[in-house]
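Engineer: After the structure tokens below, expect a handful of questions from me.
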Amino acid sequence: MIGDSSPVVLAEGLVRMTAPNPGPMTAAGTNSYVVGREQLVVVDPGPAIDSHIDALAAQVGDRLAAIVVTHTHPDHSPAAKPLADRTGAPLYGALSYHEHFQDHTFAPDHVLVHDSCVPAGDMSLRAIHTPGHVDNHFCFLLEEHRIIMAGDHLMQGSTVVIAPPQGDMAEYILSLQRLLEYQPDSIAPAHGQMMTQPAQEVAALIKHRHAREEKIFDVCEAMGEASTDALLPRAYDDVDVSLHGIARYSLLAHLLKLERDQRVVRINSNGDEDRLLDSADAPWQWRCC
């Protein structure tokens with residue numbers, strides 16, 4: 001189903017509106033969440049699509065107290081500035097240390113820090129720093145319902161891409177574990193439907209990531225020494241070939257984690273991780289320690 005920005009009530013004081021930007025990375029589209037009873041907060045206003053911005057503006061009227069973004073990827077934050085211009089609501093979020101694939105129109109009025117609270121009238125919205133997908137990623141706990149709005153930290157029915165250098169697999173796994181410390185009753189992702197068994201979902205995802213890492217290590221060990229591209233079809237032989245270009249980023253994230261764990265070494269490296277996304281065909285070779 002393609003998002004059409006129609007409001008869907010999930011709980012008292014929580015409404016989902018899905019932007020019409022469907023795709024392989026966004027599912028039906030990016031979910032925006034409207035939080036609150038009297039004063040309202042929009043979480044992840046989404047891409048700069050006029051019809052979606054119009055729908056959000058109509059939903060909040062003159063009651064918008066804040067606009068919050070989980071991170072500054074182009075399907076999450078570009079609508080923030082035009083919505084703020086219409087409503088006068090302040091922007092909350094954090095900027096990435098990296099330039100690639102970022103929304104450069106986003107400039108927060110208030111920079112989020114871990115465990116800070118966003119004003120949401122008589123409801124409580126707590127920011128949880130969850131780096132991994134990208135360094136400036138935050139999730140938000142609606143404390144009244146124990147619902148976490150998870151941005152791209154989790155997707156319903158799929159895994160998220162971890163793309164170095166802004167993405168970090170070790171940090172991602174730690175951030176998944178951090179979510180469970182808040183004992184959520186459900187998770188509202190930016191892509192897909194509500195996830196109502198968060199402990200099981202997170203545990204399964206961590207298990208999947210660890211299993212993928214071990215598979216990558218085993219393939220590398222069996223091949224002796226191999227390039228990233230040679231490892232890809234064997235390490236991701238259970239993933240459709242059409243998605244291998246995307247899977248390559250997560251493969252690199254796993255390999256860099258294995259390197260930090262001193263389980264693999266990178267051959268012919270010149271410390272160029274920071275140019276990784278601009279040099280996706282870097283001729284690196286890998287071998288097990």
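Every number here is computed from the coordinates shown, using simple stated rules; none is lab data. This one's a predicted model, so the numbers in the text were calculated from it and none came from an experiment. Ideal geometry is used to build each Cβ from the backbone, glycine not excepted, and the neighbour counts take in all protein chains shown.
Engineer: Please rank PHE217, PHE138, PHE101, PHE106, fewest neighbouring Cβ atoms within 10 Å first, as an exposure proxy.
Structural biologist: PHE101, PHE217, PHE106, PHE138
Engineer: Continuing with this model, one more query. Rounded to the nearest 5, what % of DSSP beta bridges with both residues in the chain are antiparallel?
Structural biologist: 75
Engineer: Right, something else. Given C-alpha coordinates of segment 1-91, what is the ratio Rg to Rh with the Kirkwood estimate of Rh?
Structural biologist: Details: Rg = 11.8 Å, Rh = 12.6 Å.
Result for segment 1-91 is an Rg/Rh of 0.93.
Engineer: Go ahead and run the numbers for FRET between ASP237 and LEU180, Cβ-Cβ distance against an R0 of 25 Å, rounding to 0.05.
Structural biologist: Here the calculated transfer efficiency is 0.20.
Engineer: Going by Cα centres, segment 29-102 and segment 171-186 are how many Å apart?
Structural biologist: 24
Engineer: Still on this structure: Over segment 61-218, with a single point scatterer placed on each C-alpha, what log10 of the ratio I(q)/I(0) does the Debye formula yield at q = 0.08, 0.14, 0.20 1/Å?
Structural biologist: The calculated log intensity ratios at q = 0.08, 0.14, 0.20 Å⁻¹ are -0.23, -0.70, -1.35.
Engineer: Would you please give the residues with an amide H less than 5 Å from that of SER77, counting only those at least 5 places away or on a separate chain, with H modeled from the backbone geometry?
Structural biologist: GLY46
Engineer: Provide the percentage of antiparallel DSSP beta bridges, counting only those with both residues in segment 134-289; round to the nearest 5.
Structural biologist: Here the antiparallel bridges make up roughly 75 percent for segment 134-289.
Engineer: Only counting other Cβ atoms within 10 Å, I'd like VAL9, VAL219 sorted with the fewest neighbours first. Let's see the in-between values first.
Structural biologist: Details: VAL9 10, VAL219 20.
The order, fewest Cβ neighbours first, is VAL9, VAL219.
Engineer: Further question on the same structure: Under 26 Å Cα-Cα from LYS207, which lysines qualify once same-chain neighbours fewer than 8 residues away are excluded?
Structural biologist: LYS215, LYS257
Engineer: Rounded, prolate or oblate: which fits segment 127-269, taking a ≥ b ≥ c as square roots of the Cα gyration tensor eigenvalues, rounded meaning a/c under 1.5, else prolate when a/b beats b/c?
Structural biologist: Taking the square roots of the gyration eigenvalues as a ≥ b ≥ c, segment 127-269 is prolate.
Engineer: What distance in nm separates the two pseudo spin-label positions at HIS114 and ALA203, each 7 Å out from Cα along the beta-carbon direction?
Structural biologist: 2.4
Engineer: In addition: What shape does segment 99-190 take by its C-alpha gyration tensor, where a ≥ b ≥ c are the square roots of the eigenvalues and a/c under 1.5 counts as rounded, a/b above b/c as prolate, and the rest as oblate?
Structural biologist: On the way: a/c = 1.90, a/b = 1.23, b/c = 1.55.
Taking the square roots of the gyration eigenvalues as a ≥ b ≥ c, segment 99-190 is oblate.
Engineer: Calculate the all-directions average of the projected area of the chain's alpha-carbon convex hull, and give it in nm².
Structural biologist: With the hull built on Cα positions only, its mean projection is 14.2 nm².
Engineer: Rank the residues SER51, SER124 as a footprinting-exposure proxy: fewest other Cβ atoms within 10 Å of their Cβ go first. Walk me through the numbers before you get to the answer.
Structural biologist: On the way: SER51 11, SER124 14.
Ranked by crowding around the Cβ, least crowded first: SER51, SER124.
Engineer: Between rounded, prolate and oblate, where does segment 149-188 land on the alpha carbon gyration tensor, with a ≥ b ≥ c its root eigenvalues, rounded for a/c under 1.5, else prolate if a/b exceeds b/c? Write out the running numbers ahead of the final one.
Structural biologist: Working: a/c = 2.71, a/b = 1.45, b/c = 1.88.
Oblate.
Engineer: In whole Hz, with x marking every Gly and Pro, tabulate ³J(HN,Hα) for segment 141-153 from phi via Karplus 6.51 cos²θ - 1.76 cosθ + 1.60, θ = phi - 60°.
Structural biologist: Taking θ as phi minus 60°, the curve returns 9, 7, 5, 4, 10, 6, 9, 9, 7, 9, x, 9, 5 Hz for segment 141-153.
Engineer: Averaging sequence separations of C-alpha pairs under 8 Å and six or more residues apart, then dividing by the length of the chain, give the relative contact order as a whole percent.
Structural biologist: Reported relative contact order: 12 percent.
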